[in-house]
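All remarks here apply to the structure that follows.
The values are calculated or read from the model by the stated rules, or taken from the named source; none is laboratory data. Please read these numbers as outputs of a predicted model, since none were measured by experiment. Heads up: the accessible areas ignore ligands, DNA and RNA and are worked out on the full protein's heavy atoms, side chains in. Shrake-Rupley method; radii C 1.70, N 1.55, O 1.52, S 1.80 Å.
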Amino acid sequence: MNNFKDQLNRTVCFNKTPQRIISLVPSQTELLCDLGLEASIVGVTK
């Protein structure tokens, strides 16, 4: 099980690694592509 803290300091628990990404910031979308994760991106903003 993976545990993370979000920006509000809440603990978020995942049973497995997330496989899909929705990117809300264009510059972060570019970074995800540079990291080779474009196949995992399922949604982006304009």
| Relative contact order (percent) for the chain, with alpha-carbon contacts under 8 angstrom and 6 or more residues of separation? | 33
| task | Could you rank Val42, Val25 by how accessible they are, 1.4 Å probe, largest area first? | result | Val42, Val25
| query | Calculated from the structure, log10 I(q)/I(0) by the Debye sum over Cα atoms at q = 0.16, 0.25, 0.28, 0.33 Å⁻¹ equals which of (i) -0.54, -0.85, -0.97, -1.15; (ii) -0.65, -0.90, -0.99, -1.16; (iii) -0.55, -0.95, -0.97, -1.03? | reply | (iii)
| request: Send over a whole-number figure in Å² for the accessible area per residue of the chain, probe 1.4 Å. | output: 92
| Carbon and sulfur together cover what percent of the accessible area of the chain at a 1.4 Å probe radius? | 55
